[in-house]
Every structure is written in structure tokens, then in C-alpha cells.
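Take a look at this one; I'll ask things after.
The values are calculated or read from the model by the stated rules, or taken from the named source; none is laboratory data. Being a predicted model, the structure only gives us computed values, none of them experimental. Cβ coordinates were reconstructed from backbone atoms using ideal geometry, including for glycine residues, and neighbour counts include every protein chain displayed.
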């Protein structure tokens, strides 16, 4: 290629790291870090496991029900951060445009937004 001339095409070839894992995310937490980059921490939510549980043992040696200590006034949810992404401005802008395009496609295919899960009422449209 002579100086000052650009290629007519650029090809991107994809390789997947053998350690790649599928991750499900319920949400993201983050913001702009001190270097001016977008920091995204993806998490999965679940009920907090109790520190222990116990089973009642009857005098005849049979097992009763299992009990675990918990506070009835407070529901504790654990957010397990499983992935962190750091994006510069240009990458964040490109991903935003890509994601907007995908959401628009979903909305067109489903006559509006696709089914969404409501934790108390099940699926609703």
C-alpha cells in the first residue's frame, strides 16, 4: 500500500477466549471514574443466604422443620458483582448506539416492548 492510500476494506475476525463464560445480569452499578472513563459493574441479585439453618430433632429422633434466623422487618438482597467493564468515551458511545439499535429492533418485533418480568406479578406486557 503506497503512502497516503487507504485500504478499501477493513476485516474484523472474531476469536473467543476459552475462558469466556455466559453471565446473566439483573443490573449495573457504576459511573464515571477519576480517569474520565465509564465504569460498569454488572450484578446478579438473589436473596441473602442465612448465616446458618437448623433442624428441630424430636425426642424420638425424627427431624422436624428447618429454621433459619432472619429479621421479618428487613429483606436483604445480595448483589453479586460478576463483571466489570471500563469504557472510554468512544467505546461507550459506540455501545450505546449499538444497544439502542437492538432495543428498537426488539420493540418493532414485539409491537412495543417485549415481555418484562415483574417480581411479584409474573410476566406482564
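Pick from segment 54-88 the residues that are part of a loop (DSSP other than H, G, I, E, B) and surrounded by 11 or more Cβ atoms within 10 Å (Cβ to Cβ): which of them is modelled with the lowest pLDDT?
70
Still on this structure, please answer the following. I'd like to know if segment 34-43 contains one or more residues that are assigned to a loop (DSSP other than H, G, I, E, B), modelled with pLDDT under 90 and within 28 Å of residue 93 (Cβ to Cβ).
no
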